[in-house]
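What follows is a single structure, written as structure tokens, with notes after it.
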Amino acid sequence: MHKRLFTPGPTEVRPEILKELATPQIYHRAPEFSDLYAEIQPKLRKVLYTKNPVLLFTASSTGAMESAVTNCVAKRCLNLVNGAFSKRWHEIAVGNGVPCDAFEIEWNKAIRPEMVDAQLSTGKYDAVTLVLNETSTGLANPLPEIAQVVRRYPDVFFLVDAVSGMAGVKIETDAWGIDFVLAGVQKAFALPAGLTVAAVSERALVRSEKVPPRSYYFSLPLMYKSHQKNQTPATPAIPQMFALNAQLTDMLAEGMDARFARHERMAKIVQTWAKKHFDIYPEEGYWSKTVTCIKNTRNLSISDLVKTLAKDYNFRISNGYGAIKEKTFRIAHMGDAQVDEIEGVLKAIETVLKL
């Protein structure tokens with residue numbers, strides 16, 4: 001039996017969207033594909049508050065993260081690290097031979113604007129990476145405030161992993177001066193895994209032409225050349241694109257402000273519950289609106305809790321990630337989840353734990 005997903009990705013996908021995956025295949029070099037690609041673009045630009053092209057990667061978010069640092073760093077990259085996925089971005093840069101430094105703080109603390117300012121003022125960097133919403137810790141870094149700092153350094157490109165935030169919280173790509181913002185669609189977009197979207201600024205595309213090629217599959221110049229013809233350089237994930245097109249239509253029909261407000265309501269319910277029965281891992285004031293990371297203050301076996309919920313209730317939540325596995329557990333409240341569903345999984349946890 002299907003286990004309903006309250007995991008921070010992949011998230012639950014509605015049956016009507018799953019049906020889109022069964023749309024008969026089309027040839028990716030035929031006009032029908034270009035029409036599909038062209039139909040998706042204005043919808044994505046509305047969701048991301050941008051006039052920039054939004055590139056489609058047939059890859060997990062890790063692939064788009066690799067594309068960002070291999071194409072947009074000419075001198076040296078500052079990687080802001082306060083969780084597992086910001087650490088991964090640093091490892092991606094190192095693994096690809098991109099000159100970089102990690103500025104690392106505790107996982108339960110937010111990156112502050114003044115920290116970024118202190119690092120960029122050294123003049124060593126021409127790019128900076130930030131994770132908006134750390135899926136591993138349920139911590140949301142203050143993106144607008146950090147963006148304001150980065151804009152004081154015109155030669156520094158701002159690269160943002162918005163993987164578990166995009167489509168769940170507002171990201172004003174152009175107004176905040178973000179050069180590359182990416183997300184896999186299996187999280188707040190509530191779509192099947194396999195596709196990542198990334199809005200890329202004009203100046204990032206210009207820089208990518210000047211940076212010596214470090215990648216072929218993730219080359220921005222190659223991708224943008226195809227994008228201008230409503231195409232992709234290699235065979236794309238066509239079924240996922242049909243699903244994306246349909247889901248974007250439904251998201252815009254809901255209204256992005258209404259979608260963001262729903263995420264905020266769900267977050268408040270989970271976080272109020274977590275404070276009552278447990279505690280919340282990241283520092284207060286920086287709690288995510290899409291996933292809550294709850295401290296295991298009762299010294300439970302989180303593995304047993306996860307198994308019991310799946311076996312007896314067909315609900316799937318997540319253990320902690322990496323270094324904080326068993327010390328925390330995570331409940332996602334993102335995508336197409338509704339308030340009553342969130343209340344249902346919390347009630348199930350209360351029943352299992354006799355709270």
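For the structure I just gave you, tell me whether Arg151 is basic (Lys, Arg) and within 27 Å of Ser208 (Cα to Cα).
Yes; evaluated as a whole, the condition is true for this residue.
How about the range 231-244: which of its residues are more than 16 Å from Lys187 (Cα to Cα) and of a type outside the set (Gly, Ala, Ser)?
Gln231, Thr232, Pro233, Thr235, Pro236, Ile238, Pro239, Phe242
Could you tell me which numbered condition Ala323 fails, if it satisfies all but one of (1) in contact with a strand residue (DSSP E or B) (Cβ under 9 Å, 6 or more places away or on another chain); (2) in contact (Cβ under 8 Å) with a residue 60 or more places away in the chain?
(1)
Within the range 320-355, how many residues are surrounded by fewer than 19 Cβ atoms within 10 Å (Cβ to Cβ), among the polar types (S, T, N, Q) and more than 11 Å from Met266 (Cβ to Cβ)?
The total comes to 1.
Considering each residue of the range 73-105, count those that are within 22 Å of Ala162 (Cβ to Cβ) and not in a helix (DSSP H, G or I), and give that number.
15
Do the conditions hold for Ala59, that is, is it surrounded by 15 or more Cβ atoms within 10 Å (Cβ to Cβ) and either assigned by TED's automatic domain parsing to the domain that holds Ser136 or at pLDDT 95 or above (or both)?
Yes: the conditions hold for Ala59.
Any residue in the range 149-163 that is touching a residue at least 24 places away in the same chain (Cβ under 8 Å) and over 14 Å from Pro113 (Cβ atoms) sitting within a Cβ distance under 7 Å of a residue that is of a type in the set (Lys, Arg) and crowded, with 24+ Cβ neighbours inside 10 Å? List the pairs, counting only those 6 or more apart or interchain.
Cβ pairs passing all conditions: Val163/Lys187.
At pLDDT 95 or above, under 19 Å from Met223 (Cβ atoms) and assigned to a loop (DSSP other than H, G, I, E, B) - does that describe any residue in the range 5-24?
No - not one qualifying residue is present in the range 5-24.
A quick yes/no check of all residues on (1) modelled with pLDDT of 95 or more; (2) surrounded by fewer than 15 Cβ atoms within 10 Å (Cβ to Cβ); (3) among the β-branched types (Val, Ile, Thr); (4) closer than 20 Å to Thr135 by Cβ:
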site: Met241; (1), (2), (3), (4): yes, no, no, no
site: Ala258; (1), (2), (3), (4): yes, yes, no, no
site: Ala261; (1), (2), (3), (4): yes, yes, no, no
site: Thr272; (1), (2), (3), (4): yes, yes, yes, no
site: Glu283; (1), (2), (3), (4): yes, yes, no, yes
site: Ser288; (1), (2), (3), (4): yes, no, no, yes
site: Ser301; (1), (2), (3), (4): yes, yes, no, no
site: Lys311; (1), (2), (3), (4): yes, yes, no, no
site: Arg316; (1), (2), (3), (4): yes, no, no, yes
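Got a number for residues in the range 306-338 being assigned to a loop (DSSP other than H, G, I, E, B) and of a type in the set (Lys, Arg)?
Final tally of qualifying residues: 1.
Among Gly138, Gly123, which is the only one that is surrounded by fewer than 23 Cβ atoms within 10 Å (Cβ to Cβ), on the phi > 0 side of the Ramachandran plot and not aliphatic (A, V, I, L, M)?
Checking each option against the conditions leaves just Gly123.
Restricting the first residue to the range 8-21 and requiring it to be without any contact (Cβ under 8 Å) to a residue 24 or more places away in the chain and in the same structural domain as Ala237 (by TED's automatic domain parsing), which pairs with a second residue that is surrounded by 20 or more Cβ atoms within 10 Å (Cβ to Cβ) and outside any helix (DSSP H, G or I) meet a Cβ separation below 7 Å and a spacing of at least six or different chains?
none
Here's the yes/no breakdown for (1) under 16 Å from Leu195 (Cα atoms); (2) touching a Phe, Trp or Tyr at 6+ places or on another chain (Cβ under 8 Å):
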site: His2; (1), (2): no, no
site: Val13; (1), (2): yes, no
site: Leu21; (1), (2): yes, yes
site: Lys51; (1), (2): no, no
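So is Arg29 more than 24 Å from the chain's Cα centre (by Cα) and in contact (Cβ under 8 Å) with a residue 24 or more places away in the chain or not?
Criteria met by Arg29.
Residues of the range 247-296 being among the basic types (Lys, Arg) and in a helix (DSSP H, G or I), which ones?
Passing the criteria: Arg259, Arg262, Arg265, Lys268, Lys275, Lys276.
Do we find that Ile171 is within 21 Å of Trp287 (Cα to Cα), more than 10 Å from the chain's Cα centre (by Cα) and surrounded by 22 or more Cβ atoms within 10 Å (Cβ to Cβ) in this structure?
Answer is yes for this residue.
The values are calculated or read from the model by the stated rules, or taken from the named source; none is laboratory data. Owing to the predicted nature of the structure, the values given are computational and were not obtained by experimental measurement. Cβ: placed from backbone, ideal geometry, glycine included. Neighbour counts: every protein chain shown.
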